[in-house]
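Notes follow the structure.
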Amino acid sequence: MRDDELPLEYLRGHVEEALATDPRVTEQGLHVDIVGHVLVVNGAVSTPERRVAVGRVAREVAGDVAIRNETHLVPLDEPHDTEAVT
């Protein structure tokens, strides 16, 4: 049985695992929900490139199942203030 032939609940888990472990994404905080017959990816990523990678990885795992990438960008900025440690 191919991944895209699995029941959506199992496929949801496969996509979440891939998003957490694939080196293009490696985001632990992403969640995949099932809405109707669509897998919806939610969470925050740090770059536009990583957001695109989320969609690619999910598509590779899900095959023909509909994917909606609802991740949003939260840039990782360097701290503006320094804190003295004494």
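Coordinate-derived values only; no laboratory data. Note that this is a predicted model, so its numbers are computed, not measured. Positions of Cβ are backbone-derived with ideal geometry, glycine not excepted, and every protein chain shown enters the neighbour counts.
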From the phi of every residue in the range 38-48, what ³J(HN,Hα) in whole Hz does the Karplus formula 6.51 cos²θ - 1.76 cosθ + 1.60 yield, where θ is phi - 60° and glycine or proline is x? 10, 8, 10, 9, 10, x, 10, 10, 8, 9, x
HN-Hα couplings for the range 49-64 via Karplus (6.51, -1.76, 1.60; θ = phi - 60°), in whole Hz with x for Gly/Pro, come out as 5, 5, 4, 5, 4, 4, x, 5, 5, 4, 5, 4, 7, 7, x, 7
Assign unit charges at the C-beta atoms only (+1 for Lys and Arg, -1 for Asp and Glu), then state the dipole size of the chain relative to its Cα centre in Debye, rounded to the nearest 20. 280
Positive-end residue, the chain charge dipole about Cα centroid, Cβ charges, pick of 19, 62, 40: 62
Go ahead and run the numbers for FRET between residue 28 and residue 50, Cβ-Cβ distance against an R0 of 22 Å, rounding to 0.05. 0.95
Amide H to amide H, which residues 5 or more places from residue 68 or on other chains are under 5 Å from it, using H placed in the peptide plane? 39, 40, 41
Contact order normalised by residue count of the range 3-73, Cα under 8 Å, 6+ apart, percent: 35
Residue of 66, 58, 18 that the Gaussian network model of the chain assigns the largest fluctuation, springs spanning Cα pairs under 10 Å: 66
Rounded to a whole number, what is D in µm²/s for the chain from Stokes-Einstein with the Kirkwood radius over alpha-carbon pairs (10 °C, 1.306 mPa s)? 116
